[in-house]
Every structure is written in structure tokens, then in C-alpha cells.
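Trainee: Can you keep this structure in mind? I'll have questions shortly.
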Amino acid sequence: MTRLAILEYPDPRLRTKAEPVSRFDADLSRLVDDMFETLYASRAIGLAATQVDAHVRLIVIDVSDDRSAPSVFINPEILLRRAIGMVEESCLSVPGVMGDVVRATKLRVRALDRHGVPFECDLEGLAAVCLQHEIDHLLGTLFVDRLSFWKRLKVRRELRRGGRAVAAAEPGGSLAPGA
Ligand SMILES: [Zn+2]
């Protein structure tokens, strides 16, 4: 397995819209394994293929404390969103930035597994928030795009200075480690 390089803001490749996966072959299997290697090495909870410059609709997630629950979502679709909450997020592709984002905290999701077998599942809390963050990556959207105007301005100014930008208005909500 190989640890992959992660694209960082403002790399324009992060704005690429991912294509659906249509071939479930050895190349895809290798990409899934390499993305998990990269996820665990980065101590993150989620990674979208877009972040490693592979522009297909593939997401890997593990929100467990002991890193024992790897989940693969290919061509994911959100069927139902419920229970809106404000959650503080961060992102491997926007290092040093945190910000509060409004997300659904309960989801019904349909996707394919790494073998192309369809499944549906319910996600809540951190897993639900993480999946929405990763689906945004597949669409070329970053979580900082979802911050309020003033917070975005602050983040941009801090990033230009090369410093650490904390856009969170107030403590609270659960912290989502890099995703
Ligand atoms: Zn991210």
C-alpha cells in the first residue's frame, strides 16, 4: 500500500467534479487500499478520491476511535437528510483551518461497496457529517465555501499570512478531525 499525496487549497484540482465509478477492477481496489493507508497515516476520519487527485466518486471513512471500522462509499447518494446541526470541521486539504458548518446529522445513504455491490445505510453524528463533507469534495466544494462571509474573509486573510485560521465563532459542537 502507498501513502498518497493530498492536494491542498488553493490547488485548482480540488475543484474538479468527480465522475461515477464504472469499473470495479484491480486499479480501483488498489486506490481504495491506498486511500485507507493515507487516511490512517494522516489520523483523519474521511478522505475523498478528489483529495488524492483521483477524480472518481469514491470516499473512505473511519470514525471509530480504534480505527477498526473502515467504510467505503462508491457513487454515494443521500436519500434523506434529517436533524440539522452546527459542527466544527477541519480538512486535510485546508490545513490549520477550522470552522462551523451547518449539516444534517442524520442521513439515509445509498452507495456501492468496493466490489460494486449496492447497499443502503443510516448514518448519524460524526459519520453523517463526515460523509457530507466528503461528498462536497466530489463536487469540487470545500468546507470553507460553506462558512459565513465574514468567516471566509478571516480564513482567507489568515491563509495569505501563512498562519493558522480558526474560524469557529464559539466553542461547542463536536470537533471533526481532518476529513
Ligand atoms: Zn476535507
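The values are calculated or read from the model by the stated rules, or taken from the named source; none is laboratory data. Everything numeric here is computed off the predicted structure, so don't read it as measured data. All Cβ positions, glycine included, derive from the backbone under ideal geometry; neighbour counts span all protein chains shown. Quick note on the areas: whole protein, heavy atoms, side chains included, nothing else; ligands and nucleic acids left out. Shrake-Rupley method; radii C 1.70, N 1.55, O 1.52, S 1.80 Å.
Trainee: Report whether or not Ile59 is modelled with pLDDT of 95 or more and either part of a helix (DSSP H, G or I) or open to solvent by less than 30 Å² (accessible area, probe 1.4 Å) (or both).
Mentor: On the way: modelled with pLDDT of 95 or more: yes; either part of a helix (DSSP H, G or I) or open to solvent by less than 30 Å² (accessible area, probe 1.4 Å) (or both): yes.
In short, yes.
Trainee: Please specify each residue of the range 1-19 satisfying the condition of being open to solvent by 80 Å² or more (accessible area, probe 1.4 Å) and touching a strand residue (DSSP E or B) at 6+ places or on another chain (Cβ under 7 Å).
Mentor: Glu19
Trainee: When Leu79 is evaluated against the numbered criteria (1) under 21 Å from Ala104 (Cβ atoms); (2) within 14 Å of the ligand (Cβ to nearest atom); (3) surrounded by fewer than 15 Cβ atoms within 10 Å (Cβ to Cβ), which criterion, by number, is the only one it fails?
Mentor: The single condition Leu79 does not satisfy is (2).
Trainee: Does Arg156 satisfy the criteria of being among the basic types (Lys, Arg) and either surrounded by fewer than 20 Cβ atoms within 10 Å (Cβ to Cβ) or out of contact with any strand residue (DSSP E or B) (no Cβ under 7 Å at 6 or more places or on another chain) (or both)?
Mentor: Against the criterion (among the basic types (Lys, Arg) and either surrounded by fewer than 20 Cβ atoms within 10 Å (Cβ to Cβ) or out of contact with any strand residue (DSSP E or B) (no Cβ under 7 Å at 6 or more places or on another chain) (or both)), Arg156 qualifies.
Trainee: Which pairs turn up if I take residues in the range 43-62 that are within 12 Å of the ligand (Cβ to nearest atom) and look for partners that are assigned to a helix (DSSP H, G or I) and basic (Lys, Arg) with beta carbon separation below 8 Å, at least 6 apart in sequence or on another chain?
Mentor: Thr50/Arg13
Trainee: State the number of residues belonging to the range 91-123 that are in contact (Cβ under 8 Å) with a residue 40 or more places away in the chain, more than 14 Å from the ligand (Cβ to nearest atom) and open to solvent by 30 Å² or more (accessible area, probe 1.4 Å).
Mentor: 6
Trainee: Regarding the range 87-100, can at least one residue be identified that is in contact with a helix residue (DSSP H, G or I) (Cβ under 6 Å, 6 or more places away or on another chain), among the polar types (S, T, N, Q), more than 15 Å from Gly46 (Cα to Cα) and outside any helix (DSSP H, G or I)?
Mentor: For the range 87-100, residues in contact with a helix residue (DSSP H, G or I) (Cβ under 6 Å, 6 or more places away or on another chain), among the polar types (S, T, N, Q), more than 15 Å from Gly46 (Cα to Cα) and outside any helix (DSSP H, G or I): absent.
Trainee: Assigned to a strand (DSSP E or B) and hydroxyl-bearing (Ser, Thr, Tyr) - does that describe any residue in the range 105-115?
Mentor: Yes, the range 105-115 contains at least one residue that is assigned to a strand (DSSP E or B) and hydroxyl-bearing (Ser, Thr, Tyr).
Trainee: Follow-up. Of all residues in the range 43-56, which are open to solvent by 30 Å² or more (accessible area, probe 1.4 Å) and either out of contact with any helix residue (DSSP H, G or I) (no Cβ under 6 Å at 6 or more places or on another chain) or not aliphatic (A, V, I, L, M) (or both)?
Mentor: Arg43, Asp53, His55
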